[in-house]
Every structure is written in C-alpha cells, then in structure tokens.
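Below: one structure, written as structure tokens.
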Amino acid sequence: MEQISSVDNKLVKDLAKLKQKKYREQAGLYLIEGFHLIAEALKSKRKYVYLLGTSEALDQVAKTTDIDISNKNVYLINNAIVRHLTSTQNSQGIFMALKISQPKNYAFSYGKWVLLDGLADPGNVGTIIRTADAAGFDGVVLAPNCVDLYNPKTQRAMQGSQFHLSLIVQDLLETIGILENNAIPVYASMLDQTAKKLADFNPQPQLGLVIGNEAHGISEPVANSCNEKLYIPIKGQAESLNAAVAAGIMIYHFA
C-alpha cells in the first residue's frame, strides 16, 4: 500500500478526470465509490485496477473482503483527496477504478432483454437496469445516444445490478435485427394508433422490450423495426408515466 497526500498527485488527477466521459473513454477506466458497490464488484469477481481509501475505509475493506490492502495498487488517501474524487455529498471515503469492458459481438441467442433508446437521465437508466436485474432479465442494451453507462450517477443508481447482468452499448437496429433473426420478438413501448394494450400480451419466455427517450420516445427507425407496439393505459389525468416507472411495469408483466 502506498500513501498519497496531495490532490496534485498524477494518479489522483487522472482518476478525478474519470467523472467526464471523454476521459473515461481515453483511459478505458471508470470509478465507483462506496462500500456497497465495491462489495458487489468483488462478489462478481471483477478485478480492480486501483483501490483508494481513507485509513478507516481501507480497514473496513480489509475486514469485510479478501482484498490485501498491502498490495501495491492500494492507496491510502486523506479527506482532501476524497473531496476531490467524490461525486457524492457524503462520501464513504473508498474508491475503486475498474476497466471498461464491452463485448465486441453478442449473440443474443436467448433471453429477455430491455433495449434503451436515447434515455438521458442517469437515474432512469440505473433504475431500469436495477429493475431488470430484480425481474430476472438477462440484460440491458443501451443505444449509443443514451446517457453514459459509466456515468457516476448511473453507476450509483444501479446499486450493484451492473455486476449481475449483461450491459451492452450497441446500435439498437443491429440488436433488434439479431434478436428477430433468433426468433425473439421485440416490442416497442409507445403511444401509437397501432399500439396494443400491455394486458393483451402474455408473458414471454424471451423477448426484447424497447423503452424510449423521456421526452421524445422511441425513434421512428427503431419503432418501425419492432414486431409490435404496446402501451400502458392511463386511467387518471396524468399525461404520461415516468420512463423508469413504465419500464418497471412492463418488465414485471413479462417476467
């Protein structure tokens, strides 16, 4: 274990830059913080690149995990560095840098998948992924125009579910084509004259479920490539449902 005492340390500067997408992409790394996320990463056998924490935080990690905090890629930091690295108001003083890992090709040969088209809110994306995990779905595909999967807010909102199921950033038209070639139906969640009520659909052993942007919905090319369009009837006077709430209802309908 090494000690870092200055926010001007090169490693600290490099890790602080990971709050921004362009630096995450350049470094091929992202940062998670907090005992829960780090514990979930370790349970899932993720290998860390760096582990940084205060004395108290590292002591807790040593007591609750198999990590040897005397390793050379473990760093003792002070509260000034914690404030420099954190993306939260009440940091627990523990950070882990992980490699960004995306499959180059994914077969989509079986399973239940949520496909996200242009979602902009990290809280919504994280909540949908967490819900898909809870409902036993196989994974979530994010279109490249979604909020970044490795955004600190998205990572926190997933609450560890990012380590439990497949998360893939990929063009949705390509993904839908693969699913349909594998005889997996794909449904678009949208209000449309041709859309059917959710209740008209029975639970499926495998499917793709597309959820669109919070303001603009699903893009026309993606919608047109789906097998069916479905919607949740609004019984009150609300104009629409929150994207994550609507996704949750549909995910559990098909679970």
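Shown for the chain: the carbon plus sulfur share of the solvent-accessible area, taken with all protein chains present and a 1.4 angstrom probe, equals 47%. The P(r) of the chain has a tail past 25 Å containing 47 percent of all C-alpha pairs.
Evaluating 6.51 cos²θ - 1.76 cosθ + 1.60 at θ = phi - 60° for every residue in segment 42-48, the Karplus couplings come out as 5, 4, 8, 6, 6, 8, 8 Hz, glycine and proline recorded as x.
Of all aspartates and glutamates in the structure, those lying under 17 Å Cα to Cα from Lys47, and not within fewer than 8 positions of it along the same chain, are Glu33, Asp66, Asp68. Residues of segment 168-201 with the amide nitrogen closer than 18 Å to a label point 7 Å from the Cα of Ile234, along Cα-to-Cβ, please. Under cut-off, by backbone N: 189-199. Of all aspartates and glutamates in the structure, the ones whose alpha carbon falls short of 19 Å from that of Lys196, not counting any fewer than 8 places away in one chain, are Glu220, Glu228, Glu239. Quick one: check the C-alpha center-to-center distance for segment 171-191 versus segment 51-105, whole angstrom. Each part's Cα centre sits 39 Å from the other's. Per residue of the chain, the DSSP helices (runs of n ≥ 4 H) give a summed -39500 (n - 2.57) that works out to -9500 deg cm²/dmol at 222 nm. Extension gain for the segment Gln60 to Ala199, taken as residue separation times 0.36 nm less the Cα-Cα distance, is 45.2 nm to one decimal. If the segment from Gln89 to Ser44 were pulled out straight at 0.36 nm per residue, it would be longer than the present Cα-Cα gap by 13.5 nm.
Scanning residues 5 or more positions from Lys229 or on other chains, those with amide H under 5 Å from its amide H are Ala188, Lys196, with H placed 1.01 Å from N in the peptide plane. Taking amide H atoms as placed 1.01 Å from N in the peptide plane, the amide H of Gln159 has no partner under 5 Å among residues 5 or more positions away or on other chains.
Of the residues Gln102, Gln237, Gln170, the one that moves most in a GNM of the chain with alpha-carbon contacts below 10 Å is Gln237. When the chain is treated as a GNM with alpha-carbon contacts under 10 Å, the residue of Glu40, Glu228, Glu56 showing the greatest mean-square fluctuation is Glu56.
Using every Cα-Cα pair within segment 33-138, state what percent have a distance larger than 21 Å. Walk me through the intermediate numbers first.
Numbers: 2740 of 5565 pairs.
For segment 33-138, the share of Cα pairs beyond 21 Å comes to 49 percent.
With protein chains left intact and a 1.4 Å probe, residues in segment 45-134 average 52 Å² of accessible area per residue. Among Asn105, Asn151, Asn242, whose mean-square fluctuation peaks in a Gaussian network model of the chain (Cα, cutoff 10 Å)? Of Asn105, Asn151, Asn242, the Gaussian network model singles out Asn105 as fluctuating most. Can you give the FRET efficiency to the nearest 0.05 for Phe35 and Asn224, using r as the Cβ-Cβ distance and R₀ = 45 Å? Once rounded, the FRET efficiency stands at 0.50. DSSP bridge analysis restricted to the chain gives an antiparallel fraction near 30%, rounded to the nearest 5. Beta bridges assigned by DSSP with both partners in segment 133-238 are antiparallel in approximately 10 percent of cases. Projecting each Cα onto the charge dipole of the chain (Lys/Arg +1, Asp/Glu -1 at the beta carbon, about the Cα centre), which of Leu31, Met158, Leu58 comes out farthest on the positive side? Towards the positive end, the residue furthest out is Leu58.
Applying 1/(1 + (r/R0)^6) with R0 = 51 Å to the Cβ-Cβ distance of Ala16 and His216, what FRET efficiency is obtained, to the nearest 0.05?
Using R0 = 51 Å, I get an efficiency of 0.95.
The values are calculated or read from the model by the stated rules, or taken from the named source; none is laboratory data. Please read all numbers here as calculations on a predicted model, not as lab measurements. Here the Cβ is made from the backbone with ideal geometry for all residues, glycine too, and neighbour counts use every protein chain on show. For accessibility, only protein heavy atoms count, side chains too; no ligands or nucleic acids. Shrake-Rupley method; radii C 1.70, N 1.55, O 1.52, S 1.80 Å.
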